[in-house]
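Taking it in order: structure first as structure tokens, then the write-up.
No value in this document is a laboratory result; all are computed from the given coordinates. In this text, all values refer to a predicted model and were calculated from it rather than measured experimentally. Neighbour counts run over all protein chains shown; Cβ positions are idealised from the backbone, glycine included.
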Amino acid sequence: MAIVDHISIGTNDLTQYVLAAERGNAGVAALADSLDPAVLYLIAHIADVSTARNRIAVCGEVAADPAAAALLVGLGVRELSMSPRAIPAVKDAIRSMSVAKAKQLATLALHRDSAASVRALLSDLP
């Protein structure tokens, strides 16, 4: 990825395409969860193959989720795009966890078998 300086990952669209579950389709919308391990794996992979010069950003509903913010940092994301009202809670969540702990959390999440399992892991955080 040496030819780009910034990578922005839109998790709403990424989730829709990876899980073949369009949010606007009531028949499959419940399957579209950005915390699915398959979606998280792709985010982690993008961060892993990026160089130190690349800035990895996430936009989408998951970026504004305080419980998911530290997980995204653990996956290698360094920028989150969200509405202004979400910023204080997300900042608090990120500041309350070291990068090393966030990486441990990410490793655990990547080995879960479902988005529900990842959400349960995040709900156990202090």
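Out of all the residues in the range 39-62, is one or more in contact with a Ser or Thr (Cβ under 6 Å, 6 or more places away or on another chain) and not hydrophobic (A, V, I, L, M, F, W, C)? Yes, there is a match, as at least one residue in the range 39-62 is in contact with a Ser or Thr (Cβ under 6 Å, 6 or more places away or on another chain) and not hydrophobic (A, V, I, L, M, F, W, C). So is A70 of a type outside the set (S, T, N, Q), within 20 Å of L42 (Cα to Cα) and surrounded by fewer than 14 Cβ atoms within 10 Å (Cβ to Cβ) or not? No; evaluated as a whole, the condition is false for this residue.
In the condition set (1) buried (at least 19 other Cβ atoms within 10 Å of the Cβ); (2) among the charged types (D, E, K, R); (3) touching a helix residue (DSSP H, G or I) at 6+ places or on another chain (Cβ under 6 Å), E22 is compliant with all but (1).
Checking each residue in the range 90-110 for being more than 16 Å from the chain's Cα centre (by Cα) and part of a helix (DSSP H, G or I) picks out D92, R95, A100. Each residue in the range 26-60 was checked for being in a helix (DSSP H, G or I) and out of contact with any strand residue (DSSP E or B) (no Cβ under 9 Å at 6 or more places or on another chain), and 12 of them qualify. Comparison of R85, R23 shows that the only residue that is outside any helix (DSSP H, G or I), basic (K, R) and at negative phi is R23. Evaluation of L80 against the conditions (1) among the aliphatic types (A, V, I, L, M); (2) in contact with a strand residue (DSSP E or B) (Cβ under 8 Å, 6 or more places away or on another chain); (3) surrounded by fewer than 18 Cβ atoms within 10 Å (Cβ to Cβ); (4) free of Cβ contacts under 8 Å to residues at least 24 places away in the same chain shows that the sole unmet condition is (3).
Is it true that some residue in the range 17-24 is hydrophobic (A, V, I, L, M, F, W, C) and under 17 Å from S117 (Cα atoms)? So far as the range 17-24 goes, yes, one or more of its residues are hydrophobic (A, V, I, L, M, F, W, C) and under 17 Å from S117 (Cα atoms).
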